[in-house]
Structures are given as structure tokens and as C-alpha cells.
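The values are calculated or read from the model by the stated rules, or taken from the named source; none is laboratory data. If you're wondering where the values come from, they're calculated on a predicted model, not measured in any experiment. With ideal geometry, Cβ positions are generated from the backbone for all residues, glycine too; neighbour counts draw on all protein chains shown. Heavy atoms of the whole protein, side chains included, go into the accessibility calculation; ligands, DNA and RNA do not. Shrake-Rupley method; radii C 1.70, N 1.55, O 1.52, S 1.80 Å.
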Amino acid sequence: MSSELVFAAVIVLQGFATLSSIDGLYLHLWRLRLHQRPDSYREHLWHTARAILFAPTVVLLFALPSAGALLWLGVALALLDQLAGVADVLAERDSRASLGGLGRGEYALHMMLVALHASALALVLAARPRAAWSLSGPTMLDAWPAVGTLLAGPIVGGLAVAALHVALAWRWRPTTARRAIEAT
């Protein structure tokens, strides 16, 4: 286990979480109100799925010294998040058509987020010793740097953002969104 790689992963993850807040809360929810737009609702659902996966993935891969089956569960959640990210990208063209497409600034922000997210995952997975990857081994490593306090913000913030996305998805589900638009 490499403490330097774990700390590097956590720093990169914090950068990802900060920029994700700008993208998700400011651009998607406040400025563009994607959750209220019937043609963007599917994109909001992909954002919701990713928000739900974020905190458990951070706990399993970054905060805990997971190994064995627990490590593989974290990897599976990260893979599901990556697949939801691909689905999100595929939905964006139709979702943003009536808005004139994805803006250049947001496109650049998304590129930075993909790079930070992939880098954080690569670093934290590379920090694990080879024995950690065995399904027949223990589910926790003996040693792991104390990074819990560094991850409190991303974990708590991630849970809050996930709850907000679920609430908005429920509140603005398509039938409600159609009625709201017709009333204006």
C-alpha cells in the first residue's frame, strides 16, 4: 500500500468533488434546471444515478482500507458509475437540443471532470497491494492512511446531492413537468 498514492487520490477526488458541485448544482440544477425540462429529464436521471453511487464508492475505495470482496464491490460501484456516465453523455445531445447544445464552457468542465475522476480512481486502485485483490483474502487491509477527515466533505456533500437529485426527480417526473410547462 502506498500512502502517497492514497493522499494523491484523495486530493484529486476533492478537486473532482468541487468542480462537480459547480457543474451539478450551479449549471444543471440552478441555471439550466434540467430536472424541470421534459426533454432533459432522462439526463437528470443519469445524474441522479451517479449522485447515488458517489458516496458509497468513495467510502469503499477511498475512505476504507477495503480488500477482497469489499474492494471488488467498490470497483463494481465505480464501474456502474462509469456506465451511467456514458449513458449521460449519450443522452446529452437530445437533452440539450432545445438549449442550443452543450455550451463550450460546460463541455470543457466535463472534460476536466472525466480526467479528475479517472485519475482519482486510478490512483486509489494502484495504491492497493496485489494481495488486496484476492477474493479469498480479508475484506480490510491492515494499514491505510487516515484520510477520513479529508473525505468527510465529499461524502456528506455527496449524500446531500444524491438526496436532492432524488427529490427533484420525483417532484419533476414527466407528468408533473408537462403540467408545469403548460401552466406557464
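So the values come out like this:
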{"read-out": "Among the candidates Ala69, Ala9, residue that is in contact (Cβ under 8 Å) with a residue 24 or more places away in the chain, open to solvent by less than 30 Å² (accessible area, probe 1.4 Å) and assigned to a helix (DSSP H, G or I)", "value": "Ala9"}
{"read-out": "Residues satisfying the stated conditions in the stretch 132-163, i.e. open to solvent by less than 30 Å² (accessible area, probe 1.4 Å) and closer than 11 Å to Pro65 by Cα", "value": "Ala132, Pro145, Val147"}
{"read-out": "Residue tally, condition open to solvent by 40 Å² or more (accessible area, probe 1.4 Å) and small (Gly, Ala, Ser), over the stretch 88-102", "value": "3"}
{"read-out": "Residue count, the stretch 28-50 (criterion: on the phi > 0 side of the Ramachandran plot and part of a helix (DSSP H, G or I))", "value": "0"}
{"read-out": "Output for the stretch 24-66, where each listed residue is open to solvent by less than 10 Å² (accessible area, probe 1.4 Å) and of a type in the set (D, E, K, R)", "value": "Glu43"}
{"read-out": "Filter result for the condition that a residue is closer than 27 Å to Arg96 by Cα and modelled with pLDDT under 95, over Leu34, Leu64", "value": "Leu34"}
{"read-out": "Leu53 closer than 20 Å to Val156 by Cβ and part of a helix (DSSP H, G or I)", "value": "yes"}
{"read-out": "Filter result for Leu113 (open to solvent by less than 30 Å² (accessible area, probe 1.4 Å) and either in a helix (DSSP H, G or I) or modelled with pLDDT under 90 (or both))", "value": "yes"}
{"read-out": "Criterion violated by Ala118 - all others in (1) touching a residue at least 12 places away in the same chain (Cβ under 8 Å); (2) assigned to a helix (DSSP H, G or I); (3) under 21 Å from Ala78 (Cβ atoms); (4) open to solvent by 40 Å² or more (accessible area, probe 1.4 Å) satisfied", "value": "(1)"}
{"read-out": "Residue, nearest to Ser40 (Cα to Cα), within the stretch 75-86, restricted to residues that are touching a helix residue (DSSP H, G or I) at 6+ places or on another chain (Cβ under 8 Å) and open to solvent by 20 Å² or more (accessible area, probe 1.4 Å)", "value": "Leu80"}
{"read-out": "In the stretch 122-131, residue least open to solvent (accessible area, probe 1.4 Å) [restricted to those that are under 12 Å from Leu61 (Cα atoms) and in a helix (DSSP H, G or I)]", "value": "Val124"}
{"read-out": "Close pairs (7 angstrom Cβ cut-off, 6 or more residues apart or separate chains): under 14 Å from Leu53 (Cβ atoms) in the stretch 156-167, part of a helix (DSSP H, G or I) and of a type in the set (Ser, Thr, Tyr) anywhere", "value": "His165/Thr48; Val166/Thr48"}
